[in-house]
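In what follows, a structure is listed as structure tokens, so that the remarks can point back to it.
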Protein chains: 2
Amino acid sequence: MPITTAEVEERIARGRSEFIAGFRRVLEGPSISAIPDHKKDIEETVRIAVELLRAAGAEVTVFETRGNPVVFGHVENKKGAPTVAVYNHLDVQPALKGRDGWLRDPFKFAEENGRFYARGASDDKGPAMTALWAARIARELGVPTNVELIWELEEEIGSPNFAEFLDKAKPVIQADSVVVSDTQWLAADRPVVSRGLRGLLGVLLRLRTAQKDAHSGAVGGAARNPITELCEIVANCVDARTGKINVPGFERTWSAPTREQVDDFVASGFSVASFKAAHGLQRMRTEEVREVTSRIWAMPTFEVHGIAGGYQDAGIKTIVPPWAEAKVSFRLVPGQDPGEVFTLFERYVRSLNADCEVIKEAGLAPYAADISLPQVKAAAEALAFAFGVRPVFTMEGGSIGAVVTMQKKLSLPIAFMGLSLPEDGYHGPDESFAWRQIEGGVKAFVKYFELLA
Amino acid sequence: MPITTAEVEERIARGRSEFIAGFRRVLEGPSISAIPDHKKDIEETVRIAVELLRAAGAEVTVFETRGNPVVFGHVENKKGAPTVAVYNHLDVQPALKGRDGWLRDPFKFAEENGRFYARGASDDKGPAMTALWAARIARELGVPTNVELIWELEEEIGSPNFAEFLDKAKPVIQADSVVVSDTQWLAADRPVVSRGLRGLLGVLLRLRTAQKDAHSGAVGGAARNPITELCEIVANCVDARTGKINVPGFERTWSAPTREQVDDFVASGFSVASFKAAHGLQRMRTEEVREVTSRIWAMPTFEVHGIAGGYQDAGIKTIVPPWAEAKVSFRLVPGQDPGEVFTLFERYVRSLNADCEVIKEAGLAPYAADISLPQVKAAAEALAFAFGVRPVFTMEGGSIGAVVTMQKKLSLPIAFMGLSLPEDGYHGPDESFAWRQIEGGVKAFVKYFELLA
């Protein structure tokens, strides 16, 4: 007899305070993978993760890599039954109170109006905890599916050592399919099953022209100015108004989405107004729905994430600075190769400015899902069961390096079952995750495990 | 009987430790005018200045303005004798240990190998203290010239309230000429009497396109990116490689230096190699001496002093940031008007990007000196007396707002007698001032006072 929402809800209600206590512990650790100073916090998060997995009845192995470890938990519900691996990550994006727009302390857990606030609440500690809770309830309800939990700690830096983990863990992994829960819905009433991911090529541009600050009156005009030179490089690479990428050869590496694909994007019910509001965008490059959906789901981008150089404090300090730096990335669409794009980009930047260092920071291949898989259909059914709305199939604009690595190394069917909402503040300030998504998410996962059985 | 170097040297030797004690006090106060948080430090520097002036026998008045006060000291040596006002400033450029390239604590006084280190040592607390010491020795030696010391505390922000000071102080000021000591030599063996100053227009460019950081995977392509837009604005305003300013109408506001002027620049003995080494420039736009001297002395510039936006820490944070900001300035040559240039610049930036704020931070007119004045000839003779080398007459690439204001408000002859060296690190890290310049500077000022008598 299939499980009912009532019996899952009853278990959720019973376990709520224990869940919140664990969620708080895991959220209050600043497990920022991009900043080496947080290495100790990553280690502490690993310890917490091991305890939480064990408390849920999992057998736990911590796989060390050249970088951060991967925590692997196996919940055995029935010997010989199907096994599904749920992928999540416990590392988070950088966040600092009073900077990056954060009004809250990013590593102080807070519950307010049905939302849980802290860096990583939605990306991706909330979905990870939700999947874990579902594994526990599935066992209590006798769902005959074994669940493995793969918790990475380097997703936000492009999963550079995830292949090493898979090589080590392969003999231990029993899963015959993988479900990834690190993607976003279209809106609170529009669940999504992702049909693919954009790839990412992250690059640091660094230009040094002098040893130290110099007085702009004394040297200005004759000295090189690394900021103006860096601005020129950026301006040559991209049309700031349209976003069109002007790196020679780049156009040949991708194709625009077809009319049919864009028709599908529009049919998903994507709302430009909700999108704009959820992300706090005051103005956009375009508000035409075909254009917007194509740009975020099916076209490559060039973005500058940060730029620095010279004087940053109040007023003006009349110097010619010695260096400038920009952190940039390309999002890539299926068919594009990060290595090839890096070669084109590096060659072009060096042709514009021979002194500019072009340092590759991350390279993640794009991913096209096979949505005809029974696991993908099951994910759609599970979301419909839990939230009462049939999900739509859309592309994910973001990138998850581990997905492509799992596809290559494990050769298992992969499905996406994300739980995050656009208003959660992925990578942004005052990130949060809604209780409604946790509750529904547990139901969806329990149902998914049942459907796989 | 004219004074001799021996008798001045004897007085200098006798007063050395008292001088150093006072110099230390005034240097250890972080009197940074650009950063409002340092208001209290400015006030403390005023108190120290008053004590030091009184200890030297000056009658002191502190003139309050809407901004920082101006400290005015009058040393009466002989009633009815000529009076000269020496202009210096006691505010300093921003500096922070571990940032901006500072290896030392910028506000911890240190003496090493004949140099005194701290922010402001050379610009302009050292020259101020040197002039004060000279006024004292001149009195002891019976030089019949009265000396007034004008110590400003807003020079580094463009002297916005110096006119207000002059209006208030005019009835008190007895000076019949002014000497300004806030300029640099060509090299340690090449004293300079400046024949003019470049002007300055400081502007803040600020562009906001969203409320908060957004995930570049979720919004990238459709969202506007304020950094790429700001880079495009900068790249349109200036040719980064040549420094050529491309603001429409700007070319009509100035004329290139004549062949004869440039011949004079070369005849000054300017050495590109020393210049490059003194300022730590690894590469320059050009190393041709006619070009370099023209660019730093007789051509306008457009520089970006600082740029900020998005993520600045380790690694990459894949966001589309909500805002970006650049601190820029134009140096202007005689004939150009900061107000007119601002109008051209603002119009152009707004035509490139209607959302970019264009905020005027400082406007200082350029200044052309009259080098036929007897005071200017006296300054040259005094420097030759003190340092044993005849000074050259060159332009100063920097700007001193107070000079133009004094010219307008006081209508007195103005001469320049700077003491700073290119290697002192004006506006740069680990700023210092050489004992040799102090010792020679005292001699030069005493001689100058005598020549005016």
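The values are calculated or read from the model by the stated rules, or taken from the named source; none is laboratory data. None of the values given here were measured: they were computed from a predicted structure. All Cβ positions, even for glycine, are placed from backbone atoms using ideal geometry, and neighbour counts span all protein chains on display.
A few points about this structure:
- Residue that is nearest to the other protein chains (Cβ to nearest Cβ), among those in the stretch A:283-321 that are under 30 Å from A:ASP263 (Cβ atoms), hydrophobic (A, V, I, L, M, F, W, C) and part of a loop (DSSP other than H, G, I, E, B): A:MET299
- Qualifying position, being within 13 Å of chain B (Cβ to nearest Cβ), among the charged types (D, E, K, R) and more than 19 Å from B:CYS231 (Cβ to Cβ), among A:LYS327, A:LYS377, A:LYS360: A:LYS360
- Filter result for A:VAL247 (at pLDDT 95 or above, at the interface with chain B (Cβ under 7 Å from one of its Cβ atoms), touching a helix residue (DSSP H, G or I) at 6+ places or on another chain (Cβ under 6 Å) and under 16 Å from A:TYR348 (Cβ atoms)): no
- Per-region count, the stretch A:52-95, residues part of a loop (DSSP other than H, G, I, E, B) and either at pLDDT 95 or above or not acidic (Asp, Glu) (or both): 20
- Of everything listed in (1) buried (at least 21 other Cβ atoms within 10 Å of the Cβ); (2) among the small types (Gly, Ala, Ser); (3) closer than 22 Å to B:VAL328 by Cα; (4) within 11 Å of chain A (Cβ to nearest Cβ), the single unmet condition for B:ALA354 is (1).
- Filtered by the rule that a residue be outside any helix (DSSP H, G or I) and either within 28 Å of A:ALA386 (Cα to Cα) or free of Cβ contacts under 8 Å to residues at least 40 places away in the same chain (or both), the stretch A:1-51 gives A:MET1, A:PRO2, A:ILE3, A:THR4.
- Filtering the stretch B:418-445 to residues that are touching a Lys or Arg at 6+ places or on another chain (Cβ under 8 Å) and assigned to a loop (DSSP other than H, G, I, E, B) leaves B:GLY425, B:HIS427, B:GLY428, B:PRO429, B:ASP430, B:GLU431.
- Only listed residue being more than 7 Å from chain A (Cβ to nearest Cβ), closer than 20 Å to A:HIS215 by Cα and under 18 Å from the mean Cα position of the chain (by Cα), chosen from B:VAL333, B:VAL272: B:VAL333
- For the stretch B:98-174, the strands (runs of 3 or more DSSP E) that sit wholly inside it and include 3 or more residues that are modelled with pLDDT of 95 or more, under 30 Å from B:GLY202 (Cα atoms) and not assigned by TED's automatic domain parsing to the domain that holds B:LYS360 are B:146-152.
- Taken over the stretch A:97-116, the criterion of being surrounded by 15 or more Cβ atoms within 10 Å (Cβ to Cβ) and either farther than 13 Å from A:GLY29 by Cα or among the β-branched types (Val, Ile, Thr) (or both) is satisfied by A:ASP100, A:GLY101, A:TRP102, A:ARG104, A:ALA110, A:ARG115, A:PHE116.
- Restricting attention to the stretch B:228-246, the residues being assigned to a helix (DSSP H, G or I) and among the aliphatic types (A, V, I, L, M) number 4.
- Residue list for the stretch B:247-263, restricted to those being free of Cβ contacts under 8 Å to residues at least 60 places away in the same chain and assigned to a helix (DSSP H, G or I): B:GLU251, B:ARG252, B:ARG259, B:GLU260, B:GLN261, B:VAL262, B:ASP263
- Options A:GLU423, A:GLU381, A:GLU396; residue that is under 22 Å from A:GLU156 (Cβ atoms), touching a residue at least 60 places away in the same chain (Cβ under 8 Å) and either surrounded by fewer than 23 Cβ atoms within 10 Å (Cβ to Cβ) or not assigned by TED's automatic domain parsing to the domain that holds A:ARG119 (or both): A:GLU423
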